[in-house]
1. Given the condition surrounded by fewer than 15 Cβ atoms within 10 Å (Cβ to Cβ), within 27 Å of ASP4 (Cα to Cα) and not basic (Lys, Arg), answer yes or no: does some residue in region 138-149 qualify?
2. Report yes if some residue within region 25-41 is in contact with a Gly (Cβ under 7 Å, 6 or more places away or on another chain), outside the structural domain of PHE185 (by TED's automatic domain parsing) and surrounded by 20 or more Cβ atoms within 10 Å (Cβ to Cβ); otherwise report no.
3. Looking at (1) touching a Ser or Thr at 6+ places or on another chain (Cβ under 9 Å); (2) modelled with pLDDT of 95 or more; (3) assigned by TED's automatic domain parsing to the domain that holds ASN181, can you tell me which one HIS125 breaks?
4. Sort through TYR66, TYR92 and tell me the only one that's closer than 21 Å to LYS200 by Cα and of a type in the set (Ser, Thr, Tyr).
5. Could you list, in sequence order, all residues of region 186-208 that are among the hydrophobic types (A, V, I, L, M, F, W, C) and at pLDDT 95 or above?
6. Check region 48-63 and report whether any residue there is of a type in the set (Gly, Ala, Ser), crowded, with 21+ Cβ neighbours inside 10 Å and over 28 Å from GLU115 (Cβ atoms).
7. Among the residues of region 175-216, count how many are touching a Ser or Thr at 6+ places or on another chain (Cβ under 8 Å), among the aliphatic types (A, V, I, L, M) and closer than 20 Å to ILE7 by Cα.
8. So, in region 185-214, how many residues would count as being more than 20 Å from LYS237 (Cα to Cα) and in contact (Cβ under 8 Å) with a residue 24 or more places away in the chain?
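The values are calculated or read from the model by the stated rules, or taken from the named source; none is laboratory data. Computed from a predicted structure; not experimentally measured. When we count neighbours, we look across all protein chains shown, and the Cβ atoms used for this are built from the backbone with ideal geometry, even at glycine.
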Amino acid sequence: MTFDVTIPVLNEEATLAENVGILHDFLKSNFPTPNQWRIVIADNGSEDQTPVIGKQLDARWEEVQYLQVPRRGVGLALKTSWGQSQADIVGYMDLDLATDLPHFLEAYHALSEKEADLVYGTRLHQKSKVIGRSFKREVASRGFNWLLQTYLGTRFSDGMCGFKFLRREVYPKLHALGADNDGWFFSTELLIISEWQKMKLYELPVKWTDDASSSQVRIVPLAKRYIKSMRAIKSKKAQIKL
């Protein structure tokens, strides 16, 4: 099966070349078949040298594509990338490579051989290993996922982990049913709607190493946006579950 790995980026000049290189080498080593995969650098509004570096990587490796997204938004970056993809599998991971790369092999196996519709990484499973995460971020993550489960009745363990892959054939349906947020909540919408549609979700406990320097997330404003988005999707729950 072919696959696209999308990396949404915003002002990542410091680490873009190095980390895309690491991912490229890993995929090249494990998937040597020509034209089986791509890395899509989805740049949603960078104002530093990220576009220059991204285009250089595009020119250097045929497996790398630099994609300019019209405005900011992680969800918009993913929708733009997946909307133009022809691969059998689409998904994303964060540029900081916080999730150990060997987990991608597990995700690919689940989608290609176990008939999973969507694979999501979880940092909150008892078998997961989380390294270097601050107490503040740990509490915020667990609180957010508790709210999802309480308010929306979901069962998945981690809606925010930046490591998700799905069969491209199911994406149009998820998008049409409401996975359309332009921001971070888009990846959570994918899980919510997949679960409500009784699709086959595969939970993948991961080893995850926090890179504090890469995170500029402001918890309170983000929480307010998430709660607003949760209210919006709950209003459509009955329609989505038909």
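1. Initially, region 138-149 is screened for residues surrounded by fewer than 15 Cβ atoms within 10 Å (Cβ to Cβ), giving 138-139, 142-143, 146, 149.
With within 27 Å of ASP4 (Cα to Cα) added as a condition, the list becomes none.
Scanning region 138-149 turns up no residue that is surrounded by fewer than 15 Cβ atoms within 10 Å (Cβ to Cβ), within 27 Å of ASP4 (Cα to Cα) and not basic (Lys, Arg).
2. If we filter region 25-41 for residues that are in contact with a Gly (Cβ under 7 Å, 6 or more places away or on another chain), which is where we start, we get 41.
From the residues that got through so far, the ones that are outside the structural domain of PHE185 (by TED's automatic domain parsing) too are 41.
Add one more test, that the residue is surrounded by 20 or more Cβ atoms within 10 Å (Cβ to Cβ), and what stays is 41.
Within region 25-41, one or more residues are in contact with a Gly (Cβ under 7 Å, 6 or more places away or on another chain), outside the structural domain of PHE185 (by TED's automatic domain parsing) and surrounded by 20 or more Cβ atoms within 10 Å (Cβ to Cβ).
3. (2)
4. Values: TYR66 fails: closer than 21 Å to LYS200 by Cα.
The unique qualifying residue is TYR92.
5. First pass over region 186-208, keeping only residues among the hydrophobic types (A, V, I, L, M, F, W, C): 186, 190-193, 196, 199, 201, 204, 206, 208.
If the condition is that a residue be among the hydrophobic types (A, V, I, L, M, F, W, C) and at pLDDT 95 or above, then PHE186, LEU190, LEU191, ILE192, ILE193, TRP196, MET199, LEU201, LEU204, VAL206 are the ones that fit.
6. Pass one, region 48-63, residues of a type in the set (Gly, Ala, Ser): 54, 59.
When the remaining residues are screened for being crowded, with 21+ Cβ neighbours inside 10 Å, the result is 54.
Now restrict to residues that are over 28 Å from GLU115 (Cβ atoms): 54.
Within region 48-63, one or more residues are of a type in the set (Gly, Ala, Ser), crowded, with 21+ Cβ neighbours inside 10 Å and over 28 Å from GLU115 (Cβ atoms).
7. Number satisfying all stated conditions: 4.
8. Result for region 185-214: 12.
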